[in-house]
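The structure appears below as structure tokens.
The values are calculated or read from the model by the stated rules, or taken from the named source; none is laboratory data. Worth saying up front: this structure is predicted, and the values here are computed from it rather than measured. When we count neighbours, we look across all protein chains shown, and the Cβ atoms used for this are built from the backbone with ideal geometry, even at glycine.
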Amino acid sequence: MEIRMDKMNTPKLRFKEFADEWQEKTLGDIADFYKGAGLAKEETCPDGQIRCVRYGELYTNYNEIITTTISGTNLPKNKLFLGQVNDILIPSSGETSIDIAKASCVQASDIAFGGDLNVIRTKSDGVFLSYYLNNSRKKQIARLAQGNSVVHLYSSQLKGLGLILPSTQEQTKIAKFLSAVGEKIDLLEQKKKGFEKYKKGVMQAIFSQKIRFRKPDGSNYPDWEEKRLGEVTNNFDNKRKPISSVVRSIGDFPYYGANGIVDHVDGYIFDGEHILVAEDGVVDATKYSIHLVRGKFWANNHAHVLTGKNTNNSFLYYALQNTKFARYITGSAQSKLNSQVLGKIQVSLPVKEEQEKIADFLTSLDSKVDLINKELEQTKLFKKSLLQQMFV
């Protein structure tokens with residue numbers, strides 16, 4: 001692969017064995033257009049004998065390539081529109097014009113396509129076209145859509161969409177390369193989900209005490225004790241500062257709110273290791289935001305700031321993730337967790353040595369997830385860079 005900048009109708013990044021200039025065409029020049037057949041949600045099920053795609057699923061479940069489907073149907077074939085390998089699907093209706101500009105290439109035969117789907121059948125490489133349409137031509141497709149509360153996109157509009165295309169051989173090579181990068185992203189996402197699921201199961205077992213750590217000599221640690229959070233933590237809510245009292249400039253220190261970092265500022269109030277718990281309903285009351293923060297930072301008046309008293313902060317951070325905060329909140333228009341109630345929340349605590357073992361183990365799992373996530377984000381950035389340079 002090499003970088004080329006000598007011709008207007010060639011991409012910046014190109015496989016070196018190809019030299020021909022890309023050709024201007026319209027989508028209507030290279031494709032025939034069809035429409036999917038009506039397929040109501042109640043006519044589908046996960047284990048239906050004939051696999052199918054409904055238009056709403058195109059937004060949420062599929063990217064450029066569809067090899068397997070999440071839905072099936074048991075309707076007779078004569079009531080369905082059955083697709084072919086290499087067919088490209090684009091929604092014909094949706095809520096916004098940019099959402100409707102979404103293409104996916106089907107890589108399996110005899111999949112039923114529901115209504116409100118434009119079906120594009122072409123001898124060009126469908127995977128290449130899906131990547132191309134979703135990136136270089138997304139805004140142009142969005143401009144073709146018509147409507148207000150519901151937008152529509154018709155084949156008569158898509159036929160005139162301008163394209164600049166390489167030979168089919170070059171299309172296929174680009175498609176295979178991008179598909180390989182996409183497969184790596186999929187594998188990393190599956191790996192991340194697997195570790196997260198494993199961690200969730202382990203945490204449930206640890207904090208229900210189905211799993212216990214042992215002393216170095218193999219003997220048991222003492223039973224866990226019930227304590228109030230106010231007994232085992234210091235609360236520094238009196239130091240919190242609202243955003244209006246902080247110099248709002250890009251600085252070296254994070255400024256935390258109820259749901260995480262909201263700014264970076266000059267200076268800091270807190271230093272060390274602290275646990276931040278959301279005070280109000282900025283986030284879902286059943287899933288209160290909890291952060292373990294190390295180092296120098298500010299916090300606003302939407303986050304309780306705690307640190308352990310002879311208690312491992314990392315252990316408390318993980319223990320509080322299992323806490324059902326919904327039972328402690330007050331208020332209706334805006335849910336709130338005040339400091340007095342927070343201090344009365346019961347937590348189960350082992351002795352500090354077992355706390356540390358639990359914290360170290362769970363931290364090691366988080367580190368593995370972080371490494372996977374870092375690789376995942378780097379691969380996504382690499383893919384984004386390729387998509388910006390490999391099309392015209």
Does any residue of the range 326-339 turn out to be under 16 Å from Glu226 (Cβ atoms), in a loop (DSSP other than H, G, I, E, B) and in contact (Cβ under 8 Å) with a residue 40 or more places away in the chain?
no
Within the range 294-329, restricting attention to residues that are β-branched (Val, Ile, Thr) and more than 15 Å from Asn235 (Cβ to Cβ), which residue is farthest from the chain's Cα centre (by Cα)?
Ile329
Can you find, within the range 260-277, the residue that is nearest to the chain's Cα centre (by Cα) among those that are surrounded by fewer than 16 Cβ atoms within 10 Å (Cβ to Cβ) and not aliphatic (A, V, I, L, M)?
Gly260
Pull up the range 237-259, narrow it to residues that are part of a loop (DSSP other than H, G, I, E, B) and exposed (fewer than 12 other Cβ atoms within 10 Å of the Cβ), then point me to the one that is modelled with the highest pLDDT.
Asp252
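Does the range 186-204 contain at least one residue that is in contact with a strand residue (DSSP E or B) (Cβ under 8 Å, 6 or more places away or on another chain) and either in a loop (DSSP other than H, G, I, E, B) or free of Cβ contacts under 8 Å to residues at least 12 places away in the same chain (or both)?
The first filter runs over the range 186-204 and keeps only residues in contact with a strand residue (DSSP E or B) (Cβ under 8 Å, 6 or more places away or on another chain), leaving none.
Within the range 186-204, not a single residue is in contact with a strand residue (DSSP E or B) (Cβ under 8 Å, 6 or more places away or on another chain) and either in a loop (DSSP other than H, G, I, E, B) or free of Cβ contacts under 8 Å to residues at least 12 places away in the same chain (or both).
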Note on the range 213-222: residues free of Cβ contacts under 8 Å to residues at least 40 places away in the same chain, within 21 Å of Leu362 (Cβ to Cβ) and in a loop (DSSP other than H, G, I, E, B) are Pro216
If you go through the range 116-142 one residue at a time, how many are closer than 18 Å to Tyr59 by Cα and basic (Lys, Arg)?
3
Taking the range 7-33 and the residues there that are modelled with pLDDT of 95 or more and of a type in the set (Val, Ile, Thr), the one that is surrounded by the most Cβ atoms within 10 Å (Cβ to Cβ) would be Ile30
Exception for Tyr55 within (1) in contact with a helix residue (DSSP H, G or I) (Cβ under 8 Å, 6 or more places away or on another chain); (2) surrounded by 21 or more Cβ atoms within 10 Å (Cβ to Cβ); (3) modelled with pLDDT under 90 falls at (1)
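Conditions tested, residue by residue: (1) farther than 19 Å from Phe361 by Cβ; (2) among the β-branched types (Val, Ile, Thr); (3) touching a Leu at 6+ places or on another chain (Cβ under 9 Å).
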{"residue": "Ser167", "(1), (2), (3)": "yes, no, no"}
{"residue": "Phe177", "(1), (2), (3)": "yes, no, yes"}
{"residue": "Val181", "(1), (2), (3)": "yes, yes, yes"}
{"residue": "Glu189", "(1), (2), (3)": "yes, no, yes"}
Quick test for you: out of Ile185, Ile174, Ile164, Ile141, pick the one residue that is touching a Pro at 6+ places or on another chain (Cβ under 8 Å) and surrounded by 16 or more Cβ atoms within 10 Å (Cβ to Cβ).
Ile174
Just a yes or no: is a residue in the range 350-369 farther than 23 Å from Phe195 by Cβ and part of a loop (DSSP other than H, G, I, E, B)?
yes
